[in-house]
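> Dropping the structure in here first, questions after.
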Amino acid sequence: MTVALSQTLRDAGLHLPALEGERARQGVSLLAGVALPGIAAPMRDVAGVLLPLMGGMQAVAPHMEALQAFFLCPVEPGREDARDALAEAMLAGRSADAIAEACGVDADVLTFVTGFVLSPVLHALVAVSMPESGEAPWDEGGAWQEGYCPVCGAFPTIGWLDRPMLDEKNAYLAGGGGKKHLHCSMCGADWKFLRGACPSCGKDASGTMEILRESEAAHGERLDWCTRCKSYCPTVDLREREAVPNLDALALGMMHLDMVAARRQLRPLRPSFWNVY
Ligand SMILES: [Zn+2]
Ligand SMILES: [Zn+2]
């Protein structure tokens, strides 16, 4: 699906806006307050695949007709599209109430479904916009210092510590590894983050992080939690694993640690359907 989506994005002329230093320093995500005309087309493609699957969910089923009418209606180039406006509102953290009312869908249901519909589109948007080599624009020169996503503003679902980097041309160790990155499951972006700081409290909360491991043979899996605000984020140390896992799948695969965290009254940095008890 990603390949076809990338093409739809290119056809619609969609790509991430260039990073502006000042906006990034102020902690404004790339897509916050940005109009995305044309995103209706890839959203429609994704909804065509996802809506039939979501129809089985109890909360969604009664609204299926209205949801289909909204998401699957034809995209008419050059005309204002409520799907464009909905994507923009979601990414700016604004409420979708007015759009929901206009299209006759319950606002909570619309927001819930839109999260699923938007996510693959944003993944493709990040993928087509990444430089072919080198760092992501938000990692260059430490441009982005926040604990939430530089692209879509969501909190990370999982963190990871990188492996030692070998510079193949010069055959010396370019980096010792162990640098921390955060991963956003909403859009697929990864970004560097200070190891000792809390993604929720911010970069000022240095030295507040503790590590919770369940056992010795944990394959680098652990929770990094904050002693100040009690939020946690599952984290994997890739130096302790042979293969690089799919991070979105691993976040779900570390559910056993989410349960340990719930018993300790810690709260997930990014609540998901599998870590809210
Ligand atoms: Zn994101
Ligand atoms: Zn904190």
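> Could you pull out the trypsin sites (Lys or Arg not before Pro) across the stretch 1-109 that fall in loop regions by DSSP (anything but H, G, I, E, B) with no more than 15 other Cβ atoms inside 10 Å?
Arg79, Arg94
> While we're on this one: Under unit Cβ charges (Lys, Arg +1; Asp, Glu -1), what dipole magnitude, rounded to 20 debye, does the stretch 2-129 have relative to its Cα centre?
360 debye
> Just the number please: accessible area per residue for the chain, 1.4 Å probe, all protein chains included, in Å².
Roughly 51 Å² per residue, with all protein chains present.
> Going through the stretch 77-114, which GluC sites (Glu not before Pro) have at most 16 other Cβ atoms within 10 Å and a DSSP loop state?
Glu80
> Considering only C-alpha atoms, what is the centroid distance from the stretch 15-63 to the stretch 222-277, in Å?
The distance from the Cα centre of the stretch 15-63 to that of the stretch 222-277 comes to 24 Å.
> Within the stretch 174-217, which GluC sites (Glu not before Pro) sit in a loop by DSSP and count at most 10 neighbouring Cβ atoms inside 10 Å?
Filter output for the stretch 174-217: Glu216.
> Given Cα pairs under 8 Å that are at least 6 residues apart, what percent is the relative contact order of the chain?
Relative contact order for the chain comes out at 15 percent.
> Note the angle between two axes, namely the Cα long axis of helix 2-11 and the longest principal axis of the Cα atoms of the chain, as a number of degrees from 0 to 90, rounded to the nearest 10.
The two axes meet at around 60 degrees.
> Hey, in the chain, which Cys have no second cysteine's beta-carbon closer than 4.7 Å?
If one checks each Cβ against the other cysteines of the chain, Cys73, Cys103, Cys229, Cys233 turn up with nothing under 4.7 Å.
> With only Lys, Arg, Asp and Glu charged, each at its Cβ (+1 for the first two, -1 for the last two), find how big the charge dipole of the chain is about the Cα centre; round to the nearest 20 debye. Display every interim value, and only then the final one.
Numbers: 24 positive and 34 negative charges, 163 e Å.
In debye, rounded to 20, the chain gives about 780.
> How much of the accessible area of the chain, probe 1.4 Å, is carbon plus sulfur, in whole percent?
Working: 7590 of 14210 Å².
That share works out to 53 percent.
> Using only alpha carbon pairs under 8 Å that are at least six residues apart, calculate the relative contact order of the stretch 2-129 and give it in whole percent.
That works out to 36 percent.
The values are calculated or read from the model by the stated rules, or taken from the named source; none is laboratory data. Just so we're clear, the structure is a prediction, and the values are computed from it rather than from any experiment. When we count neighbours, we look across all protein chains shown, and the Cβ atoms used for this are built from the backbone with ideal geometry, even at glycine. Ligands, DNA and RNA are excluded from the accessible area calculation, which covers all protein heavy atoms including side chains. Shrake-Rupley method; radii C 1.70, N 1.55, O 1.52, S 1.80 Å.
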